[in-house]
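Here is the structure we will look at.
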Amino acid sequence: MEGEIPYPSSAFIEYKYGGNLILLDSSSYLFTLVKKDIDSTHATYEQEIKTKSTFHNTWEKFYDNKAKLVQERNQLNEAAQHTTNPDSALYYAFAIKAANKKIVAFYHQFAADHPNSYIAAYILVGAPDFSYANYMDVYSSFSDNIKNSYYGKNFYSRMIASKDDKKEEQAKTEIAQTAPGMFPVTNTIDTALNKIVLDKDFFSKHKYTLIEFWASWCGPCRKLNENLKKMTASFKEKDVELVGFSLDQGSEAWKIAMINDKLPWLQVSDLKAVDSPLAQYLKLGVIPANVLVDREGKIVRTNIYEGELEGFLKGVN
């Protein structure tokens, strides 16, 4: 394949038993896939990407070095879990905290080493301390071309989603302290970057609220959304509010999917994907998934679909 792209982009090379992420610019790439072994149930492959792309190679080097730091931290965690000595436990607690600080410092050093670059816009949103306060100066250094790219827009929307650190920490605390069976207070944004708080005041406006968890990359979720579109009149008639909660990490992919699928109901997200405190609180292992919440904020049903959902709607007075 040959061609030009306006700015560096991410792509995915997919094959029968897996795939590889590739970061593209206008450089040439040689992708080699060698089948090492195969039986009736699986195949083993070795992949290699050769390129002079600064964008791709910088990303690979970053994640190789980060993997070493994460491995060091994980080894400390493993050792801490198996020690019964109080002094050793204290040592590991300090060592783990130092290892986490080292990972954060690694991201900050990367930002300093790669100012005003697409690769910084791409990588830094994954920093453990990513927030408006910590990374606004990095965003401000980006050129207009970077700010207007997919990566720049995603960088900005992620910052806005975590702009108020105190509210973010408060939300995490509220989720941790939520009474069993109740929906936790959750700070989100909509696709226009407006703050939307899912709390008792939000739920009190309707008899029920159905929160549907999905993502732009989830094929079954998007097919399900098409079915939900056919039921919007029934939802409105029964005073059931439908809310989409995206588990995307990037706002642009989320917005594009919502526009392409013509979804008419409220869409929110915290842009933390599987690291979303809400997803973890609800123990979402797969999507699509949903929760039905009453006007008091109590979760009354989970994963209610098709005939079961239709039956529930018919029974709402």
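The values are calculated or read from the model by the stated rules, or taken from the named source; none is laboratory data. What you see is a predicted model; the values in this text were computed from it and never measured. No Cβ is skipped: glycine too gets one built from the backbone with ideal geometry, and neighbour counts run over all protein chains shown. Ligands, DNA and RNA are stripped out before the accessible areas are found, and what is left, the full protein with its side chains, is counted by its heavy atoms. Shrake-Rupley method; radii C 1.70, N 1.55, O 1.52, S 1.80 Å.
So if I place +1 on the C-beta of Lys and Arg and -1 on the C-beta of Asp and Glu, and nothing else carries charge, what would the dipole magnitude of region 53-139 be about its Cα centre? I want it in debye, nearest 20.
Taking the Cα centre of region 53-139 as origin, the dipole is about 40 debye.
5 Å is the cut-off here: which amide hydrogens, built 1.01 Å from N in the peptide plane, fall below it relative to SER10, excluding neighbours closer than 5 in sequence?
Placed amide hydrogens put LEU24 under 5 Å from SER10.
To the nearest 0.05, how large is the calculated FRET efficiency for ILE256 and THR83 if R₀ is 51 Å and r is the Cβ-Cβ distance?
Here the calculated transfer efficiency is 0.55.
Specify which residue in the list TYR281, PHE245, VAL291 is farthest towards the positive end of the charge dipole of the chain, using unit charges on the beta carbon of Lys, Arg (+1) and Asp, Glu (-1), about the Cα centre.
Looking along the dipole axis, the top candidate is VAL291.
Using 7 Å Cα-to-Cβ label points, what is the ASP64/ASN194 separation (nm, one decimal)?
Using points 7 Å along Cα→Cβ, the separation is 4.8 nm.
Could you go through region 255-267 in sequence order and give the Karplus-derived ³J(HN,Hα) for each residue, using 6.51 cos²θ - 1.76 cosθ + 1.60 with θ = phi - 60°, rounded to whole Hz, and x for Gly and Pro?
Per-residue couplings from phi come out as 5, 4, 5, 5, 5, 4, 8, 6, 8, x, 9, 4, 10 Hz.
Share of antiparallel DSSP beta bridges in the chain, in percent to the nearest 5?
Antiparallel bridges make up about 75 percent of those DSSP assigns within the chain.
Compactness ratio of region 239-313: Cα Rg over 2.2 N^0.38 Å, N = residue count?
Working it through for region 239-313, the quotient is 1.17.
Would you please give the residues with an amide H less than 5 Å from that of CYS218, counting only those at least 5 places away or on a separate chain, with H modeled from the backbone geometry?
The list, which skips near neighbours in sequence, is empty: none.
Among SER276, SER26, SER131, which one shows the biggest mean-square fluctuation in a GNM of the chain, springs joining Cα atoms closer than 10 Å?
Evaluated over the chain, the most mobile residue of the options is SER26.
Once amide H atoms are built 1.01 Å from N in the peptide plane, which residues 5 or more positions from LEU242, or in another chain, come under 5 Å H to H?
Here LEU210 satisfy the definition.
Could you give the accessible area per residue of the chain, probe 1.4 Å, as a whole number in Å²?
Per-residue accessible area for the chain comes out at 57 Å².
Applying the Karplus parametrisation 6.51 cos²θ - 1.76 cosθ + 1.60 with θ = phi - 60° to the phi angles of region 136-153, what ³J(HN,Hα) value in whole Hz is obtained for each residue in order, glycine and proline being reported as x?
Using θ = phi - 60°, the values come out as 5, 5, 5, 4, 4, 7, 6, 6, 4, 4, 6, 4, 8, 7, 3, 5, x, 5 Hz.
Which FRET efficiency value, to the nearest 0.05, do you get for SER131 and ALA11 by plugging their Cβ-Cβ distance into 1/(1 + (r/R0)^6) with R0 = 51 Å?
0.95
So what is the relative contact order for the chain, in percent, with contacts set as C-alpha pairs under 8 Å and at least six apart?
Rounded, it is 12 percent for the chain.
If you add up the charges near ASN227, with Lys and Arg at +1 and Asp and Glu at -1, over every other residue whose beta carbon is less than 15 angstrom from its beta carbon, what do you get?
Charge balance in the 15 Å sphere: -1.
Expressed as a rounded percentage, what relative contact order does region 200-317 have, with Cα pairs under 8 Å and six or more residues apart?
With pairs under 8 Å counted, the relative contact order is 36 percent.
Hey, with R₀ at 22 Å, roughly what FRET efficiency would LYS230 and LYS207 work out to, going by the Cβ-Cβ distance, to 0.05?
Efficiency computed from Cβ-Cβ geometry: 0.60.
Can you tell which of TYR118, ALA98, HIS206 lies farthest toward the positive end of the dipole of the chain, using +1 and -1 charges on the Cβ of basic and acidic side chains (Lys, Arg; Asp, Glu)?
Going by the charge dipole, the pick is HIS206.
What list of ³J(HN,Hα) values in whole Hz, one per residue of region 304-316 in order, does the Karplus curve 6.51 cos²θ - 1.76 cosθ + 1.60 (θ = phi - 60°) give from phi, with Gly and Pro shown as x?
Going residue by residue, I get 9, 9, 6, x, 5, 5, 4, x, 5, 4, 5, x, 6 Hz, with x marking Gly and Pro.
Within the accessible area of the chain, what % is carbon and sulfur when the probe is 1.4 Å and the other protein chains stay in place?
51 percent
Excluding ARG73 itself, what net charge comes from residues whose Cβ is under 12 Å from its Cβ, given Lys and Arg +1 and Asp and Glu -1?
+3
What's the magnitude of the charge dipole for the chain around its Cα centre, counting Lys and Arg as +1 and Asp and Glu as -1 at the beta-carbon? Answer in Debye, nearest 20.
For this selection, approximately 380 debye.
State the extension gain, in nm to one decimal, for the chain segment bounded by GLU308 and GLN75, taking 0.36 nm per residue of separation less the distance between their alpha-carbons.
Length gained between GLU308 and GLN75: 79.3 nm.
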